[in-house]
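Have a look at the structure below before the remarks.
The values are calculated or read from the model by the stated rules, or taken from the named source; none is laboratory data. Because the structure is a prediction, the values reported are computed rather than measured. Because the Cβ atoms are built from the backbone with ideal geometry, glycine has one as well, and the counts that use them run over all protein chains shown.
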Amino acid sequence: MYFGIGWHKTGTTSLTEAFKLLGMKARHHPFSMYREYKAGATRFDAFEDNAFVCDAIVHVIYRELDRHYPGSKFIMTTRPLENWLESVKTHFQKGNAARDDLQGGTLWDHNNEARHVHGIHEMMYGRRTFNAAAMRDRYLQHEAGILAYFKDRADDLLVMDIENKESFNWESLCDFIGMPVPDADFPHLRKSEEATRYFSLGKTEISAFIPR
């Protein structure tokens with residue numbers, strides 16, 4: 001099992017697509033995971049048929065996943081701090097963070113509750129709204145924690161900087177997972193436009209996306 005444990009907005013969508021291009025089943029942002037975790041689960045339905053999973057709360061509970069999925073390997077995607085912070089700010093401002101208001105107001109309705117977006121953000125940041133200092137500190141804490149946790153297990157962790165072509169490429173990934181390099185461009189996807197459309201849908205339309 002491979003887990004993507006880079007913070008959100010660090011190329012997790014692109015990495016998921018890379019696994020798919022290698023012919024492996026991969027899942028990005030398994031919504032049901034938060035609900036299962038809060039109910040006390042240690043293994044998750046979304047993982048059973050996939051070789052790679054990332055986002056949702058995967059990156060938050062990587063230590064627990066390491067214990068409950070022995071033999072797994074982990075990939076931390078990263079990017080320069082200020083570029084990441086600007087991306088997260090845009091993410092919240094455009095309403096992609098469960099329509100949180102930057103001034104502190106929160107729209108709470110059935111759709112948001114069902115998707116558990118607020119709960120996920122609280123697990124990540126201890127808050128539901130954008131705050132540059134808090135999010136910068138949490139990002140740095142997360143990456144430092146991963147490097148410390150895997151410091152004696154170099155074979156179990158791959159670090160990929162999405163803005164460095166010498167790092168974010170097929171050669172790095174395929175060497176880590178033991179797969180041949182494919183004859184294809186390494187994916188560099190952007191989800192911002194898709195996410196903006198998703199969160200601008202009306203209640204009737206968005207309900208089709210909510211896991212039951």
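Restricting the stretch 165-190 to residues that are in contact with a strand residue (DSSP E or B) (Cβ under 9 Å, 6 or more places away or on another chain) and more than 16 Å from Ser72 (Cα to Cα) leaves a set whose member that is surrounded by the most Cβ atoms within 10 Å (Cβ to Cβ) is Phe168. Looking across Phe74, Phe130, one residue alone is hydrophobic (A, V, I, L, M, F, W, C), part of a loop (DSSP other than H, G, I, E, B) and at pLDDT 55 or above. It is Phe130.
Restricting attention to the stretch 77-91, and to residues there that are within 16 Å of the chain's Cα centre (by Cα) and outside any helix (DSSP H, G or I), which single residue is nearest to Gly6 (Cα to Cα)? Among those residues, the one meeting the criterion is Thr77.
State all residues of the stretch 1-40 that are part of a helix (DSSP H, G or I) and without any contact (Cβ under 8 Å) to a residue 24 or more places away in the chain; if no residue qualifies, say none.
If we filter the stretch 1-40 for residues that are part of a helix (DSSP H, G or I), which is where we start, we get 12-21, 32-38.
Matches in the stretch 1-40: Lys20, Glu36.
Which one is modelled with the lowest pLDDT, of the residues in the stretch 46-71 that are over 17 Å from His8 (Cβ atoms) and surrounded by 13 or more Cβ atoms within 10 Å (Cβ to Cβ)? Show your work before the answer.
Within the stretch 46-71, the first condition is being over 17 Å from His8 (Cβ atoms), and the residues that meet it are 47-51, 63-64, 66-71.
Filter once more, so that each one left must be surrounded by 13 or more Cβ atoms within 10 Å (Cβ to Cβ): 47, 50-51, 66, 68-69.
Details: Phe47: 89, Asn50: 95, Ala51: 96, Asp66: 98, His68: 96, Tyr69: 96.
Here the answer is Phe47.
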